[in-house]
């Protein structure tokens with residue numbers, strides 16, 4: 001749960017290291033308890049520990065957290081789509097199922113669901129081959145005109161996410177912002193797509209610099 005808490009904070013755009021009080025509050029424990037556990041996990045190479053600053057994920061910790069989040073979000077999707085659970089209730093139930101699901105079972109579940117990119121709450125589902133947590137992302141409507149970016153997460157409702165998928169916009173898609181205004185954002189992806197400002201704000205992206213391969 002410590003790894004997931006740090007991962008979800010980073011996924012939400014909070015720069016690492018994540019402050020210790022924020023981690024403790026999210027887990028409902030004291031700062032002293034959080035500090036002790038994170039130092040233990042740092043000793044196992046799963047988290048970084050910076051006194052008076054907080055904690056971040058190592059590469060190994062990120063891989064573990066991503067595998068757990070993948071399984072949890074796949075189960076949440078199954079519970080909503082096939083058993084009629086509400087999104088929040090499904091997420092709570094999936095928290096229990098994630099602990100008893102082997103990687104092979106998670107892969108079969110993903111295939112059964114059609115390899116969804118997001119869960120019912122709009123959280124990205126890491127892929128089996130590239131289980132990473134998006135970091136340092138910003139909303140698409142904040143990207144300057146003329147800049148390139150890579151989609152890190154889509155937090156739109158399912159109908160809107162389906163529309164984006166039909167336009168070739170999914171996690172990992174690289175886009176160029178062509179114009180912005182009060183009415184919306186014009187981007188180039190597979191084709192030119194004009195997004196409402198609200199929908200653009202629901203798409204989190206990682207800015208691409210000159211060193212990023214196109």
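Using the Cα gyration tensor of region 52-179, with a ≥ b ≥ c the square roots of its eigenvalues, what is the shape: rounded (a/c below 1.5), prolate (a/b larger than b/c) or oblate (neither)? Oblate, because a/c is 1.5 or more while a/b does not exceed b/c. To the nearest 10 degrees, how steep is helix 103-113 against the longest Cα principal axis of the chain, on a 0 to 90 scale? Approximately 30 degrees, to the nearest 10.
Semi-axes of region 76-128's equivalent ellipsoid from the Cα gyration tensor, sqrt of 5 times each eigenvalue, largest first, rounded to whole Å?
Square roots of five times the eigenvalues give 16, 13, 10 Å.
Arranged from fewest to most other beta-carbon atoms within 10 Å of their beta carbon, 143, 205 become 143, 205. First measure r as the distance between the Cβ atoms of residue 159 and residue 105, then evaluate 1/(1 + (r/R0)^6) with R0 = 41 Å and state the FRET efficiency to the nearest 0.05. Efficiency, rounded to the nearest 0.05: 0.90. Which residue, 72, 108, 197, tops the fluctuation ranking in a GNM of the chain built on C-alpha contacts under 10 Å? Highest fluctuation of the listed residues: 108.
Computed on the chain, with alpha-carbon pairs under 8 angstrom and 6+ residues apart, the relative contact order is 17 percent.
Compared with the direct C-alpha span, the chain from residue 178 to residue 88 gains 28.8 nm at full extension, assuming 0.36 nm per residue. For the chain, a Gaussian network of Cα nodes joined below 10 Å ranks 12, 105, 139 by mean-square fluctuation, and the top entry is 105. Look at the Cα gyration tensor of region 138-207: its axes a ≥ b ≥ c give a/c under 1.5, and that counts as rounded. For region 1-127, the orientation-averaged shadow of the C-alpha convex hull comes to 7.7 nm² (one quarter of the hull surface). Full extension of the chain between residue 31 and residue 121 yields a length gain of 29.5 nm, computed as 0.36 nm times the residue separation minus the alpha carbon distance.
Read-outs: derived from the displayed coordinates by stated rules, not from any lab. As the structure is a prediction and not an experimental result, all values here were calculated from the model. With ideal geometry, Cβ positions are generated from the backbone for all residues, glycine too; neighbour counts draw on all protein chains shown.
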